[in-house]
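Bear in mind that the values in this text are calculations on the coordinates, not laboratory data. What you are looking at is a predicted structure, and each value in this text was computed from that prediction instead of being measured. Cβ sites come from the backbone with ideal geometry, for glycine too, and all protein chains shown count toward neighbours.
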Amino acid sequence: MWKGRFSQEPSQLLQQYTESVSYDWRLYQHDIQGSLAHAQALTVAGILTKDEQSLIKKGLLEIEKEIEKGEFLFNTQLEDVHMNIEAELTRRIGPAGAKLHTARSRNDQVALDLRLYLRDAIARLCQLGAEFQRSLLRLASRHSKVCIPGYTHLQRAQPVFFAHHLLAYVEMLARDIGRLTDCAARMDELPLGSGAIAGSTIVLDRELIARQLGFSRVTQNSMDAVSDRDFACELLSALAILGMHLSRLSEDIVLWTSEEFGFLELSDRHTTGSSLMPQKKNPDIAELTRGKTGRLYGNLFSLLTTLKGLPMTYNRDLQEDKEAVFDSIDTADLALSIFAEMLDAARVREERASAAVADPMLLATDLADYLVLKGMPFRQAHEAVGRVVAESIQLKVPLNRVPIERLYSISPLFESDVASVFNLQQAMSHRRAVGAPAPSNIEDRLGYWTRILKEN
Ligand code: ARG
């Protein structure tokens, strides 16, 4: 493509080292979509005749079909997807094909293709995110009456509804989808027309191209536009945070499916066995997702590091953006899909959950609140209940079995109605503040998310 000023062929190793078509072929649809809009603008500007434009269109659509069917041979000697498609087009239709690159550089072309590709990828990831939210919601609804111990420091803290725990992830996923949507909104600018760095003396109607490709705006600085990859960083960052959320859920699943917790059982289809220990049933999907979060973080750092030393404007380093972006998209795509499937087939072991949540220690704070409601300052109540806890440990009896005389000696505010503190249902129904797990709040939130996530 540049042979005019060269007198030697490129070295084999250079070709191997610099080619990107082995992975950027994935941009083919978007590359063709961009070229069709560019050809339209060239026609309006009088560079292409209508006939030439039709030839280009027909040729590009044929090439697209062949790539789809796996019949197109990409050639690494032609470096990238852009040159492969253009070279083949020109081979097929002649001079009209050779006019297509007028007022365009691969620098603005690849900036465009990547935006178009990511726009579609984000739309799909948002859908998968919502699908996964629906699975969380279905699992929560199937077991909406089940309570489990909630943990802080991985120590039993207070009882919560299992649904409340799952709904926490629904909230996280909503923020993830929000970040993806924000990223798509900021990315919604057409870079084509920026040329290699400084536009072109042949002036095309960029607004027309933008409209045709569904962009809301055109970029306003050609130097920025050819070297900007902020949108890819934002996407990788949003996916890194999504990965962090999935990794935390993975950790919960690993704990819950252990016999020590035993709150959840995954289906045989979503677990693996051991080649040595016949009894094993391993939560590999959760473990791998926890592990793959490392790649999602790595991809973000890889791109940030690639970008940090670049002088203006386009530098070949930018070609290194794609593999990171593709890998994060693929990883998030698969993780969301398999998590949805896994949770739909999972079973809550309600008997294990109720046994665990029956531990009266979980209601020690409620006992302190009992004293507060009788007039004791909370700090004092906390200390008094601390002494009740110590008694229960010393006497080796559950917290609600500490003899009433012992309670009286700790505080005269304890009365016979203290037993009612340990009624779990009642304890849950008292947690009525917005965001707390009273049964009525859980019902409200399940209803809210069901409405929000209703498929259109
Ligand atoms: N394959 C290149 C990339 O991904 C396309 C742009 C190449 N531009 C250039 N001036 N060599 O960034």
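Other residues within the sphere of radius under 12 Å centred on the Cβ of VAL146, judged by their own Cβ, net out at +3 (K and R +1, D and E -1).
Using the eigenvalues of the Cα gyration tensor, what equivalent ellipsoid semi-axes result for the stretch 34-148 when each is taken as the square root of five times the eigenvalue, whole Å, largest first?
Numbers: eigenvalues 384, 51, 33 Å².
Taking √(5λ) for each eigenvalue gives 44, 16, 13 Å, largest first.
Backbone phi angles across the stretch 74-82, fed through the Karplus curve with coefficients 6.51, -1.76 and 1.60 (θ = phi - 60°), yield HN-Hα couplings of 7, 10, 5, 5, 8, 6, 10, 4, 5 Hz in residue order; Gly and Pro are listed as x. Computing FRET efficiency as 1/(1 + (r/R0)^6) for SER354 and GLU405, where r is the C-beta to C-beta distance and R0 is 25 Å, gives about 0.25.
A full extension of the chain between LYS50 and ALA196 corresponds to an added length of 49.9 nm, given 0.36 nm per residue minus the alpha carbon distance. If R₀ is 30 angstrom, what is the calculated FRET efficiency for the pair ALA174 and ALA436, using the beta carbon separation as r and rounding to 0.05? Once the sixth-power term is evaluated, E becomes 0.95.
Going through the cross-link list LYS292/LYS322; LYS322/LYS454; LYS58/LYS99; LYS374/LYS396; LYS145/LYS374; LYS145/LYS280, which pairs have a Cα-Cα distance over 24 Å in this structure? Exceeds cut-off: LYS322/LYS454; LYS374/LYS396; LYS145/LYS374; LYS145/LYS280.
Stretched out straight at 0.36 nm per residue, the stretch from VAL372 to ARG217 would grow longer than its current Cα-Cα span by 49.8 nm. Taking the three principal axes of the alpha carbon atoms in the chain, the coordinate ranges are 100, 52, 43 Å, sorted in descending order. Applied to the stretch 351-367, the Karplus parametrisation 6.51 cos²θ - 1.76 cosθ + 1.60 on θ = phi - 60° returns per-residue 3J(HN,Hα) values of 5, 5, 5, 5, 4, 5, 7, 6, 4, x, 4, 4, 9, 4, 5, 4, 5 Hz, with x for Gly and Pro. Contact order for the stretch 1-123, expressed relative to its length and based on alpha carbon pairs under 8 Å spaced 6+ residues apart, stands at 36 percent. Computed from the C-alpha gyration tensor, the three semi-axes of the ellipsoid equivalent to the stretch 310-456 are 50, 21, 17 Å, from longest to shortest. Taking R0 as 22 Å, what's the FRET efficiency between GLU260 and LYS281 from their Cβ-Cβ distance, rounded to 0.05? Working from the Cβ atoms, E equals 0.95. Cβ crowding within 10 Å ranks TRP2, TRP256, TRP25 as TRP2, TRP25, TRP256, fewest other Cβ atoms first. Residues in the stretch 328-338 carry Karplus couplings, in order, of 5, 4, 4, 5, 5, 4, 5, 4, 4, 5, 6 Hz; the curve used is 6.51 cos²θ - 1.76 cosθ + 1.60 with θ = phi - 60°, and Gly or Pro positions show x. The long axis of helix 106-142 is offset from the longest Cα principal axis of the chain by roughly 20 degrees. Each label was represented as a point 7 Å from its Cα along the Cα-to-Cβ direction; for LYS57 and THR18 these points are 3.5 nm apart.
Just need log10 I(q)/I(0) for the stretch 54-102 at q = 0.26, 0.32 Å⁻¹, Debye formula, equal scatterers on the alpha-carbon atoms, no solvent, rounded to two decimals. So the normalised log intensities are -1.01, -1.27.
Helical content of the chain, expressed as a calculated mean residue ellipticity at 222 nm, amounts to -20000 deg cm²/dmol (DSSP H runs of 4 or more residues, -39,500 (n - 2.57) each, divided by residue number, nearest 500). Extension gain, SER141 to GLU68: 0.36 nm times the residue separation minus the Cα-Cα distance gives 22.1 nm.
Where a ≥ b ≥ c are the square roots of the eigenvalues of the C-alpha gyration tensor, would you call the stretch 229-353 rounded, which needs a/c under 1.5, or, failing that, prolate if a/b is larger than b/c, or oblate?
Verdict is prolate for the stretch 229-353.
When the charge dipole of the stretch 323-436 is built from unit charges on Cβ atoms (+1 for Lys and Arg, -1 for Asp and Glu) and taken about the Cα centre, the candidate among LEU334, GLN394, PRO360 whose Cα reaches farthest toward its positive end is GLN394.
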